[in-house]
């Protein structure tokens, strides 16, 4: 692996990233201009966004009501904003500082934000996220991270829409000047609506332009844990920017949607092959429909976590969620039709049970096949919990006398360290139709 080499400030020009990326030849003339920006991520340390754009169909709240600017306040200058049908129109006022139409809600933490922009008159713009504000000499100062949106379509443009700029806070943080950003630099479309998407989870931020991955930045010092959104109209001589479909999906802090991308890009078969066609995902619902697919696993490994999910089993069906896995082995939250599947003869094989070790009670709140159930798994050190439809149905301490007795009677007794491994989450294919949705994880 080539390590970053920074010979001097202008050494940014030749610094290679850990991914083998370097500043593109047609971007090198920007180095001298921006090398003194205090928060600039060196090319050798720049993380590359390779993730698909999150699915934008479900769970979003519209931030513009289509009638007026209720819930918004313009800050920082005199550039104007008006509600015009299904769009918000921002217009540059000559002599005015940059102006920010800001949400009155100021405590957005983890989220997926998306909006569409179109330039009727060219002018710089951007989306502030987790923004802050403070008093200024004449106008309020809006500051913090901004997703750049450039309305300049000249042949020599930077093409940094989707990059991250520290507005009134140090200048450029994550410019799109690497070879890895070539596609993103060409993603903006002149004369058309352009979609920007921003995802914030913890201290990590990712952006997309018209579905093309752009920036990936970690706020290592945690300077911006929460804040508001702003639609920017930049200072200048002219500019008219239209905004529409401005919406946000708030995420519970610390939680990760294991299917946020709307596809199987973060999953594989147990052997590492791509997820087969027998597994499908549609409108956020993961379905094992046909025979022959095999179980699927996350690319990320977990040990201590809380997992929440919804599941639905077919009549006489069998499936499960395995965790702390090695290969196909692991602790298992059983998913079963208790009434009609033959495996239910063993109480430890019934729905919600810690498979083959600890049975869920007979009076657990279980919905019928074809109906949704909510599940929850907590694995923290030696402590294990299984929840079903809001009720704790199985709990045990690894290493306790109770565990030892149950483990010695189980099919896993010959596997040393079983239950303590770090490994992927596994959705089991047990030859029956099963559905999962809202699979979210929070590491503990």
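Here are a few things to note about the model shown:
- Over all pairs of different C-alpha atoms, the stretch 91-243 has a mean inverse distance whose reciprocal, the Kirkwood radius, equals 15.5 Å.
- The stretch 141-275: antiparallel DSSP beta bridges as a percent of all, rounded to 5: 100 percent
- Between the beta carbons of residue 138 and residue 265, assuming R0 = 60 Å, the FRET efficiency works out to 0.80 to the nearest 0.05.
- Semi-axis lengths (Å, descending) of the ellipsoid that matches the C-alpha gyration tensor of the stretch 203-277: 33, 18, 13
- Per-selection Kirkwood Rh - the chain (Cα, Å, 1 d.p.): 24.3 Å
- The peptide list 177-189, 336-348, put in order of mean Cβ contacts within 10 Å with the highest first, becomes 177-189, 336-348.
- The stretch 236-335: relative contact order in percent, alpha carbon pairs under 8 Å with at least 6 residues between: 18 percent
- Rg and Dmax of the stretch 258-443, Cα atoms only, in Å: 15.3, 45
- Ranking of 147, 57 by count of other Cβ atoms within 10 Å, fewest first: 57, 147
- Each part gets one Cα centre, and for the stretch 215-272 versus the stretch 325-346 those centres are 37 Å apart.
- In the frame of its principal axes, the stretch 14-104 has Cα extents of 50, 41, 23 Å, reported largest first.
- Relative pair counts by distance (%), Cα atoms of the stretch 154-267, 5 Å bins: 2, 9, 16, 23, 22, 17, 8, 3, 1, 0
- Mean Cβ count within 10 Å, highest first, over the residues of peptides 360-372, 323-335: 323-335, 360-372
- Sorting the segments 410-423, 76-89 by their residues' average number of neighbouring beta-carbon atoms within 10 angstrom, most packed first, yields 76-89, 410-423.
- Using a cutoff of 8 angstrom between alpha carbon atoms and counting only pairs six or more residues apart, the relative contact order for the chain works out to 16 percent.
Read-outs throughout are calculated quantities, based only on the coordinates presented, and are distinct from any laboratory measurement. For clarity, every value in this text was computed on a predicted model and none was experimentally measured. Heads up, the Cβs are rebuilt from the backbone with ideal geometry, glycines too, and the neighbour counts pull from every protein chain shown.
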